[in-house]
Every structure is written in C-alpha cells, then in structure tokens.
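Trainee: First the structure, which I've put down as structure tokens, then a few questions once you've had a look.
Read-outs throughout are calculated quantities, based only on the coordinates presented, and are distinct from any laboratory measurement. Quick caveat: nothing in here was measured; it's all calculated off a predicted structure. Cβ: placed from backbone, ideal geometry, glycine included. Neighbour counts: every protein chain shown.
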C-alpha cells in the first residue's frame, strides 16, 4: 500500500482502504463513539472556518480526487450515520462506476424497506450494524433510548432483501457477560458473520473509559462465550480417522487484542486482527472536514493537511508522511523486546493518545490498566464516583 505500484506510466500507489466519514450527524448517541465531534454534531470540526457545516457536503468531490490519485481496493462508508447523508447514493454511484469495492457501517435505525431495496441494487460487500445487548435495556444503555427496535427493523429489512449484513458487538465492561446471548440474537436474525469490536476509548469514548473499558477477565469471558457459541453451531462430519468441523459462522475480533494480555490461541475459531497502520492493510480515514487520518480513531491529520481538496496537496507524497512510515518503529517502552512487538505495536495507539496523552509512549489503555497501579486505581475510583463523568487525561 505504501510503496506498491501498478506497472505502467500512469501507475498509482495502491491503497487498501479508505473509511469515508460521510457526515458528522448521527441519530444515536453512543457512549462508545470514537467521533471527536459526537457531542456537537460536527460544529467543532469547522471552528474558525467561514464555510458552513454541510453533512458530508464535499465528500463526493474529495473522494473523486483520492480515486484519481490512488488505486484504492475498497471504501468503507461511515459517519456519523451514513444513511443520513445526502451524498450516500451519489458516492455509491461513483464507486460503482470506478469499480471500487464498497462496504458500510451503519446503526441501522434509519433503514426502512424502501432504503433497503435501494441499497440492494448496489454491489455492497456488506453493511455492518451493531447490537450491544440481546435485550432493549442493555443495548440502549450503550446507544441511547428508543433505538433497539429501529435497529432490529433495519437489520430485518436488509436481510429480507439479500443485502449482506455483518453483525457487530462492541464488547464493553457492561455487556461482556452478555456476548453469548447477543450472538444468539444475531443467529435468530439470520446474520452469520460477526465482528467483535473490543471497546477502545478514543474520541468521545475517552470520557467513558472508566465505565466501559473491559478488563482482561471481561474479554476472556466474552471470547469464551463466543467459542462455546461457535462450537454449538458447528457441524461435525465423521471421517475414517477424525471429525471434520464445517463452521457455518465467522467471528472476527476487529480491534487489536495485545497477546501479552490474552492468549488468542485459546480461541481457535475467532479470527484476531492487529493494528494495520503502516502496513499494506491500512484503512485511512477521511473526515467530514477533509482531513486524512491514520484511522477513524486517530485525531491528527496526516502531514498537517487541513483538507485533501487543497490544490497544493500532493496525495501521492502524503502516503510517505512520517505519521505513516514511522508509526510502527516507535514502540512504548513497556513493549520493547516483546516477541509480538512487530505485529501488535502496543495495541491501539489512538486510545493511548486520547486517554494517556501520547500514541506511542504508552501501550493500549486496555493493557495499561493492569500494569500501572495509579491508572488502574483512577479508573476504579472514577467508576465508583460517577461512571459518566469525564475522565481526565493522564499526561
């Protein structure tokens, strides 16, 4: 991605993926939201700028420029809530015209039969939708009141029209013990591909780190329940020498889980990923303000570029920015010498920056809560005092 080139005179650098945040608006108010602008609907993105806030009003133009400069394998449409953007279908048309793969992340709450039918006319890889509880109370404790039934309606409308749906569960301290039941609900809904997204306190979610950051035990409980669920769904076909299991479900853990905290080999049927920044699998994030970031959880613009539409921006050269090239060469002191350092890179650097003050000085807060007694104590005190009070940065 960073140095791969197509053959030919007009070769473009290859980029695995770009997550396009179509709009800053969202109909839900998720406590785990990684959008920095979650509280003000995006107004903070444009402070000091003359142009008014548009709900993704320039993303089509920006994406066209990126496609002209880069050979992009696929695009993830996200937000805010992408179904609230007036540019959703024009952008889908552009990506289909350019033969670029496309997938979506949505909360499903705005999807009705008509919208699902229209989405079914496109070659979507999938639409990912999140359920954080098997019942209304637990789900809405994470996303706000009044959204559980609407999300279920959206999922059913998509499944009925053959639109591929990937189920997501944001695993938090509050719902880790309910993951098995949530997987059973996804099974009832006819969804067989699931993404377990371990809560990462980036952006707005940093203010809920104390209440939502799962412990090592929480994740072990969630993964154990997942493995039990997968075993119960598997078909065993006897052969002469052994039993061959044909899995009908796919479950991935999409947020990195540092192997110093969890031995992922204990859960052979779960696919575990690692942070892709600086590798050929990196997914860049294009914000509603035009800034390009290392991923959706990171806050800093690559190369300090305020908008990729600026005429003086060299998009090809931008792929060689130090924020990308040097990211994996900078390790937290705690991680130096670890056998997994090259693949793990300390876990989620974005969460470390948001909660601990620096992306590469400290490892993932998920790990650090078990290493640094002061940090762990502060989280515990915060939970005891007021789980919704903003967590102060530890610098």
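Trainee: What percent antiparallel are the DSSP beta bridges of region 14-326, to the nearest 5?
Mentor: If we restrict to bridges inside region 14-326, about 15 percent are antiparallel.
Trainee: Restricting to Cα pairs below 8 Å that are 6+ residues apart, what does the relative contact order work out to for region 64-112? Please round to a whole percent.
Mentor: Reported relative contact order: 50 percent.
Trainee: May I ask you to sort 29, 12, 217, 291 by Cβ crowding, counting other Cβ atoms within 10 Å and putting the fewest first?
Mentor: 217, 29, 12, 291
Trainee: Shape call for region 296-395 from the C-alpha gyration tensor, a ≥ b ≥ c root eigenvalues: rounded (a/c under 1.5), prolate (a/b greater than b/c) or oblate?
Mentor: Oblate shape, in that a/c is at least 1.5 and b/c is the bigger or equal ratio.
Trainee: Sticking with this structure for a sec: Note the full-extension length gain between residue 122 and residue 334 as 0.36 nm times their separation in residues minus their Cα-Cα distance, in nm to one decimal.
Mentor: That pair, residue 122 and residue 334, stretches by 71.7 nm at full extension.
Trainee: Next question, about the same structure. Sketch the reach of a paramagnetic label on residue 184 as a point 7 Å from Cα along Cα-to-Cβ, and name the residues of region 131-164 whose backbone nitrogen lies under 15 Å away.
Mentor: It comes to 133-136, nothing else.
Trainee: Something else now. Order these by the 10 Å Cβ neighbour count, fewest first: 163, 228, 264.
Mentor: 228, 264, 163
Trainee: Between residue 299 and residue 314, what length comes free when the chain is fully extended (0.36 nm per residue of separation minus the Cα-Cα distance, one decimal in nm)?
Mentor: Additional length available on full extension: 3.3 nm.
Trainee: Further question on the same structure: In square nanometres, what is one fourth of the surface area of the convex hull spanned by the alpha carbons of the chain?
Mentor: The orientation-averaged projected area of the Cα hull of the chain comes to 21.4 nm².
Trainee: Can you compute the modelled spin-label distance between residue 252 and residue 64, with each label point 7 Å from Cα toward Cβ, in nm?
Mentor: 3.1
Trainee: Separate question: Evaluate E = 1/(1 + (r/R0)^6) for residue 265 and residue 306, where r is the Cβ-Cβ distance and R0 equals 45 Å; express this FRET efficiency to the nearest 0.05.
Mentor: Computed FRET efficiency for residue 265 and residue 306: 0.50.
Trainee: Please list log₁₀ I(q)/I(0) at q = 0.22, 0.26 Å⁻¹ for region 260-345, using the Debye equation with identical point scatterers on the alpha-carbon positions.
Mentor: Taking Cα atoms of region 260-345 as identical point scatterers yields -1.09, -1.32.
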